[in-house]
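Participant: Take a look at the following structure, please.
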Amino acid sequence: MSIQIQRKHTMYHSTILESDPDTVWATVRDAMQILAIVSPGDLDIHTDVTWTEGGSVETVPARYDFKLTLNGGLVQQEIAARDEINKTQSYRAIAPTSGVQSYEATIRVRPITNDPARSFFEWSRILEIAEDADLKVVEAIIDVMEKQTDAVRDHFAQTSK
């Protein structure tokens, strides 16, 4: 699959999850859990993903780091904002890495009015690609991101059985 990469690359994905909004939110608001769901083949979850500088799932802002096995690049991100009532969380990269100059993302979990046992999940992202980026690395990162909403969907489909 060939992806047309622009210097400012925006992505939006959504899906229906087979779980109620409170259950989904309890999982996806935790950066450690969402990373384990969406990147099990791309990250060494057990040794490379850590809260740093006093960050935790209950702290905002909260910093966490992980390494990409794709190229060993250190990713430094932080939960920048969280709205528990509207089940929305924004996070961003705090340092450039692997050709991505800046990165911002927001996840949202919404109820489905006529089906309270299911949820609507949204993930929007904006990446600014560095002028000197290795486009093969950036394409690989974007390719992984393209599949992550499906990984969230599949996770909740398995846990609802």
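Participant: All but one of (1) in contact with a Phe, Trp or Tyr (Cβ under 7 Å, 6 or more places away or on another chain); (2) closer than 16 Å to R7 by Cβ hold for V152; state the number of the condition that does not hold.
Facilitator: Going through the list (1) in contact with a Phe, Trp or Tyr (Cβ under 7 Å, 6 or more places away or on another chain); (2) closer than 16 Å to R7 by Cβ, V152 breaks only (2).
Participant: Sticking with this structure for a sec: Within the range 126-144, does at least one residue satisfy the condition of being over 20 Å from R7 (Cα atoms), free of Cβ contacts under 8 Å to residues at least 24 places away in the same chain and over 15 Å from the mean Cα position of the chain (by Cα)?
Facilitator: Within the range 126-144, none of the residues are over 20 Å from R7 (Cα atoms), free of Cβ contacts under 8 Å to residues at least 24 places away in the same chain and over 15 Å from the mean Cα position of the chain (by Cα).
Participant: Does the range 129-143 include one or more residues that are of a type outside the set (D, E) and part of a strand (DSSP E or B)?
Facilitator: Filtering the range 129-143 for residues of a type outside the set (D, E) gives 129-130, 133, 135-138, 140-142.
Keeping just the survivors that are part of a strand (DSSP E or B) gives 129.
Yes - at least one qualifying residue is present in the range 129-143.
Participant: Kindly provide the set of residues from the range 106-126 that are farther than 16 Å from K147 by Cα and either touching a Leu at 6+ places or on another chain (Cβ under 7 Å) or of a type outside the set (V, I, T) (or both), ordered by number.
Facilitator: If the condition is that a residue be farther than 16 Å from K147 by Cα and either touching a Leu at 6+ places or on another chain (Cβ under 7 Å) or of a type outside the set (V, I, T) (or both), then R108, R110, P111, N114, D115, P116, A117, R118, S119, F120 are the ones that fit.
Participant: Would it be correct to say that Y64 is under 16 Å from the mean Cα position of the chain (by Cα), under 23 Å from T15 (Cα atoms), not basic (K, R) and not in a loop (DSSP other than H, G, I, E, B)? Lay out the reasoning, then the answer.
Facilitator: Details: under 16 Å from the mean Cα position of the chain (by Cα): yes; under 23 Å from T15 (Cα atoms): no; not basic (K, R): yes; not in a loop (DSSP other than H, G, I, E, B): yes.
In short, no.
Participant: Here's something else I'd like to know. How many residues does the range 75-100 hold that are closer than 25 Å to T59 by Cα and either hydroxyl-bearing (S, T, Y) or in a strand (DSSP E or B) (or both)?
Facilitator: Taking the range 75-100 first, the residues closer than 25 Å to T59 by Cα are 75-97.
Subsequent filtering for residues that are either hydroxyl-bearing (S, T, Y) or in a strand (DSSP E or B) (or both) retains 75-83, 88-93, 97.
Residues in the range 75-100 being closer than 25 Å to T59 by Cα and either hydroxyl-bearing (S, T, Y) or in a strand (DSSP E or B) (or both): 16 in total.
Yes or no, residue by residue, for (1) surrounded by 14 or more Cβ atoms within 10 Å (Cβ to Cβ); (2) at pLDDT below 75:
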{"position": "A31", "(1), (2)": "yes, no"}
{"position": "A36", "(1), (2)": "yes, no"}
{"position": "L43", "(1), (2)": "yes, yes"}
{"position": "E53", "(1), (2)": "no, no"}
{"position": "P61", "(1), (2)": "yes, no"}
{"position": "L68", "(1), (2)": "yes, no"}
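Participant: Also, I was wondering about something else. Name every residue in the range 101-115 that is assigned to a strand (DSSP E or B) and hydroxyl-bearing (S, T, Y), in order of residue number.
Facilitator: S102, Y103, T106
The values are calculated or read from the model by the stated rules, or taken from the named source; none is laboratory data. Owing to the predicted nature of the structure, the values given are computational and were not obtained by experimental measurement. Note: ideal-geometry Cβ built from the backbone for every residue, glycine included; neighbour counts use all protein chains shown.
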